[in-house]
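Report on the following structure.
The values are calculated or read from the model by the stated rules, or taken from the named source; none is laboratory data. Predicted model, so just to flag it, every value in this text is computed and none were measured. Cβ coordinates were reconstructed from backbone atoms using ideal geometry, including for glycine residues, and neighbour counts include every protein chain displayed.
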Amino acid sequence: MENTGLVLEGGGLRGIYTSAILDYFLSKNLHFKYTIGVSAGAIYSASYASKQKRRNIDIILKYLNDERYMGFRYLLKNGSYINIDFAYTKMSYELVPFDFKTFSECNLEFKVGAFNCIKGKTEFFCKKDFIKTQDFLEALIASGSLPFFSKEAVIKDKIYLDGGIADPIPIRQSILDGNRKNVVILTEDESYKKQALKLQPLIRLYYKKYPKVAEALIKRHIIYNNSLKQIKLLEKQGDVFVFRPSEVVEVDRLERDLNKVKKLYNLGIEDAKRNYEKLLEWLEKPSN
């Protein structure tokens, strides 16, 4: 699978669909040498890189409705709806330990995108940037810092927010990195088109300190829908293989209904099973 990238969309809890696809890959010992993701796409793919099947869904099933995980009290108290210390630090080191050793030793180029609030563009972190385990967690936190629901993340004096703001499906970066073929995992069904955000003057007011954040959010639907068009074209050309939910997704970005989340995870497993042989055939074909 040389020069084949694995490109992962974000989407908050909708990313559990991505997690299911990746878990199925692990069950089949299918290991890509390059992954790139933003927001939930980056967060959930970390457990794929560390070869910890079901880690993501186990966390969700056990802790989604734990009052320590998320809630408006954390947004009011600390500036982020997600309780960062619990969801990242305590989770990774104590509750459902992340295998940092396997991650660091795996033969995988792992990229995480986060939006630079000053420069107004997505920047990508890779394994060479993760000198310490905390560097890795900080990159994931930055990539998953949802606008309006998170305070800005700071890494080496640079200010970041969610990587999906300006590059929601980072297919272009994967191609720039030399991947002639790409497997893309989306978290919305085929009929989905992103709509423009409403109340644009309020968005500009809210992010008046970071005007490039506001502009990127206002244009985000254009960027997203253009990415879908590019992916569809590449799919027709045979250079992209797409996994997407085969049903309309009912899970919200900050979903709290476990039944909906489990249903989406199971849908991901079924979609992976149904398309796996086609994927293997596609992987064997040379790029155009």
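Within the stretch 243-288, restricting attention to residues that are hydroxyl-bearing (Ser, Thr, Tyr) and outside any helix (DSSP H, G or I), the residue that is farthest from the chain's Cα centre (by Cα) is Ser287. Taken over the stretch 192-224, residues that are in a helix (DSSP H, G or I), exposed (fewer than 14 other Cβ atoms within 10 Å of the Cβ) and not hydrophobic (A, V, I, L, M, F, W, C) amount to 3. The set of residues in the stretch 115-136 being of a type in the set (D, E, K, R), within 19 Å of the chain's Cα centre (by Cα) and closer than 12 Å to Tyr160 by Cβ consists of Lys121, Glu123.
Among the residues of the stretch 132-153, some residue qualifies, meaning at least one is assigned to a loop (DSSP other than H, G, I, E, B), at pLDDT 95 or above and of a type in the set (Asp, Glu).
For the stretch 154-167, state whether one or more residues are outside any strand (DSSP E or B) and within 30 Å of Glu281 (Cβ to Cβ).
Among the residues of the stretch 154-167, at least one is outside any strand (DSSP E or B) and within 30 Å of Glu281 (Cβ to Cβ), which makes the answer yes.
Residues in the stretch 175-191 that are crowded, with 24+ Cβ neighbours inside 10 Å and more than 13 Å from the chain's Cα centre (by Cα): Asn179, Asn182, Val183. Among residues that are touching a helix residue (DSSP H, G or I) at 6+ places or on another chain (Cβ under 7 Å), at pLDDT 95 or above and polar (S, T, N, Q), Ser45 is included.
Just one of the numbered conditions (1) of a type in the set (Ser, Thr, Tyr); (2) within 16 Å of Ala216 (Cα to Cα); (3) not in a loop (DSSP other than H, G, I, E, B) is not true of Ser174: (2). Going through (1) part of a helix (DSSP H, G or I); (2) among the small types (Gly, Ala, Ser); (3) under 26 Å from Asp135 (Cα atoms) one by one, Ser227 falls short only on (3). Looking only at the stretch 142-155, residues that are of a type in the set (A, V, I, L, M), surrounded by fewer than 22 Cβ atoms within 10 Å (Cβ to Cβ) and either in contact with a Lys or Arg (Cβ under 8 Å, 6 or more places away or on another chain) or closer than 22 Å to Phe72 by Cβ (or both) come to 1 in all. In the stretch 1-15, the qualifying residues are those that are in a loop (DSSP other than H, G, I, E, B) and in contact with a strand residue (DSSP E or B) (Cβ under 7 Å, 6 or more places away or on another chain), and the one that is farthest from Tyr81 (Cα to Cα) is Asn3.
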